[in-house]
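What follows draws every value from the coordinates through simple rules; no lab data is involved. Every value quoted in this text rests on a predicted model; they were computed, and no experiment measured them. Reconstructed Cβ throughout: ideal geometry from the backbone, glycine too, with neighbour counts over all protein chains shown.
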Amino acid sequence: MGRCLSGHNESAGKVKSSHARPGNTHLKGALGIASMAAVRTNGTFWQSRYKRLTSRRGPMRALVAIEHSMIVAIWHMLTNGTIFEDLGPDHFQRTHRKTTERHAVSQLHQLGYDVQLTPSAQAS
């Protein structure tokens, strides 16, 4: 399949950064267009993943990470014969519920609020 990820460069236990190797230029162009369209579509898993990665890595590296995620998803769809199901923009909040709660409480503490969480009857 195509290639759009950087290699594993490690020396004496120290991980060194590297650039992504060229790979198939036509596939890279198609993935670039698809990933840009995916991250600009509101309310999708790809957009929420891009926003999370952009805050840590910057927009271009986040886009390459989205391209890599897309090609992995494509490989699984072709291998298993399945169709793509979007996980939704709230995927990370659903899977990392405790982390999301802790982060929200710490933000409110930084703003000067005392918070005590009590689960509501609606939330599951």
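For log10 I(q)/I(0) by the Debye sum over Cα atoms at q = 0.09, 0.14, 0.15 Å⁻¹, several values are listed as [x] -0.39, -0.81, -0.88; [y] -0.64, -0.89, -0.95; [z] -0.31, -0.70, -0.79; flag the one computed from this structure.
It is the value labelled [x].
Please label the shape of region 23-88 as rounded, prolate or oblate, based on the square roots a ≥ b ≥ c of the eigenvalues of the alpha-carbon gyration tensor (a/c under 1.5 means rounded; beyond that, a/b larger than b/c means prolate, else oblate). Please report the intermediate quantities before stating the final value.
On the way: a/c = 1.93, a/b = 1.22, b/c = 1.59.
Oblate.
Relative contact order for the chain: what percent, with Cα pairs under 8 Å and sequence separation of 6 or more? Numbers along the way, then the final one.
Working: 92 pairs, mean separation 25.2, N = 124.
It rounds to 20 percent for the chain.
Tell me what the chain gives for mean residue ellipticity at 222 nm when only DSSP H runs of n ≥ 4 count, each as -39,500 (n - 2.57), the sum divided by the residue total, rounded to 500 deg cm²/dmol. Provide the component values of the computation, followed by the final result.
Details: 5 runs with 70 residues, N = 124.
Counting only the DSSP helices, I get -18000 deg cm²/dmol.
Whose amide H sits under 5 Å from the amide H of N24, counting only residues 5 or more places off or on another chain, with H placed in the peptide plane?
R3
Taking neighbour Cβ counts within 10 Å as the exposure measure, how do E101, E10, E67 sort from fewest upward?
The most exposed by this proxy come first: E10, E101, E67.
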